[in-house]
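Worksheet for the structure shown next.
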Amino acid sequence: MDRIAIVGGSRLKGDIAISGAKNSAIKLMAASLLTDEPLRLTNMPRLADTRFLANLLRRLGTEVVETVGPDGPQTVLHTPEIVSSFAPYDLVRQMRASFNVLGPLLARTGHAKVSLPGGCAIGARPVDLHLKALEALGAHIDLNEGYVYAQAPRGLVGARIEFPFSSVGATEHAMLAAVLARGDTILVNAAREPEMEDLAECLNAMGARVEGAGTSEIRIRGVARLTGASHAVIPDRIETGTYAVAAAMAGGEVRLTNTRADLIETLLVKMEEAGVEVERRNDGLTIRRNGARLQAVNVETDVFPGFATDLQAQFMALMTMAEGESVVKETIFENRFMHVPELARLGADITVSGGEARIRGVDTLQGAPVMATDLRASVSLVIAALAAKGETIVNRVYHLDRGFERLEQKLSACGAEVRRISGPEDGGD
Ligand code: UD1
């Protein structure tokens, strides 16, 4: 398995083009199951997670063609017919969001058998809200031997669905199922993340009637069929935030292009409070830091537009060398501090108690071998390594490859000393 070696201490200077959002792309790919016509997705990220889902979709009957078009990387997904409504454990387990094929399969064919995604490294992550939403739309759901058996032989029927709390995955899943239901659906207390608007925009281009995405109430008027369409994937706000923090950690000046500052405004305000210079532009943003030590700042994760849980580990890495003590509070997922012991291996001074981490800034970090534990946690180790003395080796890079496209090329193009080492890692599972 590959590893990434980083020698810290280089300041960054240059441009980084942000890819399309992974978390949006995989839901948009699932949306392609809703029509027998081709769906063309542009600004597509090329990641392990999109490959996992493409493999599953091929099993279900989708022709997936990846090319580089005039607007960059694109994927055309075409499912003339669903040849199987069965999503096996082996394929769903590789990538949790594969579970979101359940709603489209059910909406299009009236039945589906999809593996439960199982637990994951950042907590229990149940799918009860997804299933309740489908039941509200009239599906009959049975759970047996790790599989969801869903039936709606006479089609789904619109309903009012009130979520007890905001869930990105469940809101998207309900949207994916309700667009082809008979009648009207209202999603109350819906997630407001920008990916909701992206999915709604794509579904509407396919002929759906979705209103209010991006607010806490989404209204959907069911239609009898959807058509093909072309849609550009929204920029990845987590990748944007990650490189913004990386630039701040290493120092220097980095222009992030093909993205939008408003997607990470809460992070940017916190970075400015810490002493980072942020310039917001029409096509992205520029991050500058010239030597001065950053100040400790507290953050608490929250649903959008609050501080994204997917940027928590990266921000914590930034705070490891800030002046003073900062508190990082995680409110979305339990057990999302797996990066803490690894950051400690680099010399960070962090104590965790419950959902709170207390970070006392240190003067220097020292490179060391560390282990990636999940997608966002692993990139926080890369960020810390950019400012650490000496070499850091990040093992288990497959976590990074799930969500960051060409990370080592993007960073080294700005002057970071980052290289991939192919081959077996030390240790292993
Ligand atoms: C998505 C993102 C993930 C991000 C998260 C929060 C994708 C592929 N992943 O995950 O990167 O960290 O949003 O912004 O888009 N919950 C339940 N029951 C459910 C569903 C969720 O209890 O049926 C809980 C979860 O355990 C968690 C909270 O709700 O505590 C929020 O999770 P949710 O917003 O659903 O996150 P995901 O869609 O899984």
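The values are calculated or read from the model by the stated rules, or taken from the named source; none is laboratory data. As the structure is a prediction and not an experimental result, all values here were calculated from the model. Positions of Cβ are backbone-derived with ideal geometry, glycine not excepted, and every protein chain shown enters the neighbour counts. Accessible surface is based on the protein model in full, side chains and every heavy atom, while ligands, DNA and RNA are left aside. Shrake-Rupley method; radii C 1.70, N 1.55, O 1.52, S 1.80 Å.
Observations on the model:
- Answer from T331, T351 - the residue that is over 25 Å from R289 (Cβ atoms), open to solvent by 30 Å² or more (accessible area, probe 1.4 Å), touching a strand residue (DSSP E or B) at 6+ places or on another chain (Cβ under 9 Å) and not in a loop (DSSP other than H, G, I, E, B): T351
- Here the condition is being of a type in the set (S, T, Y) and touching a residue at least 40 places away in the same chain (Cβ under 8 Å); of S84, S98, S115, it holds for S98 alone.
- Taking the criterion of being within 16 Å of the ligand (Cβ to nearest atom), free of Cβ contacts under 8 Å to residues at least 40 places away in the same chain and open to solvent by 10 Å² or more (accessible area, probe 1.4 Å), the residues of the stretch 282-308 that qualify are E300, D302.
- Conditions (1) out of contact with any Leu (no Cβ under 8 Å at 6 or more places or on another chain); (2) open to solvent by 60 Å² or more (accessible area, probe 1.4 Å); number of the one not met by I359: (2)
- Conditions (1) open to solvent by 20 Å² or more (accessible area, probe 1.4 Å); (2) of a type in the set (G, A, S); (3) in contact with an Asp or Glu (Cβ under 9 Å, 6 or more places away or on another chain); number of the one not met by G138: (3)
- Summed over the stretch 6-36, the residues that are open to solvent by less than 20 Å² (accessible area, probe 1.4 Å), within 16 Å of the ligand (Cβ to nearest atom), part of a helix (DSSP H, G or I) and not charged (D, E, K, R) give a count of 7.
- In this structure, R125 does satisfy being assigned by TED's automatic domain parsing to the domain that holds R59, among the basic types (K, R) and at pLDDT below 95.
- With respect to the conditions (1) open to solvent by less than 10 Å² (accessible area, probe 1.4 Å); (2) modelled with pLDDT under 95; (3) more than 16 Å from the ligand (Cβ to nearest atom), G69 lacks only one, and its number is (1).
- Number of the condition not met by T364 [criteria: (1) within 16 Å of the ligand (Cβ to nearest atom); (2) surrounded by fewer than 16 Cβ atoms within 10 Å (Cβ to Cβ); (3) in a loop (DSSP other than H, G, I, E, B)]: (1)
- Annotation note: Cβ proximity below 6 Å between a residue of the stretch 321-347 that is charged (D, E, K, R) and a residue that is within 16 Å of the ligand (Cβ to nearest atom) and not in a loop (DSSP other than H, G, I, E, B) (sequence gap 6+ or interchain) occurs for K329/E300; E330/T301; E330/Q312; E334/G123.
- Test: residue in the stretch 78-100 that is assigned to a loop (DSSP other than H, G, I, E, B), open to solvent by 60 Å² or more (accessible area, probe 1.4 Å) and in contact with a Ser or Thr (Cβ under 7 Å, 6 or more places away or on another chain): no
- All helices (runs of 4 or more DSSP H) inside the stretch 165-260 with 3 or more residues being more than 14 Å from the ligand (Cβ to nearest atom): 194-205, 237-250
- Across the stretch 149-197, the number of residues qualifying as farther than 22 Å from D302 by Cα and among the small types (G, A, S) comes to 9.
- Which listed residue is over 30 Å from L386 (Cβ atoms) and not charged (D, E, K, R), from T227, T259: T227
- Exactly one residue out of R182, R160, R108 is more than 24 Å from S32 (Cβ to Cβ) and either surrounded by fewer than 17 Cβ atoms within 10 Å (Cβ to Cβ) or touching a residue at least 24 places away in the same chain (Cβ under 8 Å) (or both), and it is R160.
- Within the stretch 334-346, considering residues that are open to solvent by less than 40 Å² (accessible area, probe 1.4 Å) and away from the ligand (no atom under 15 Å from the Cβ), the one nearest to V299 (Cα to Cα): V340
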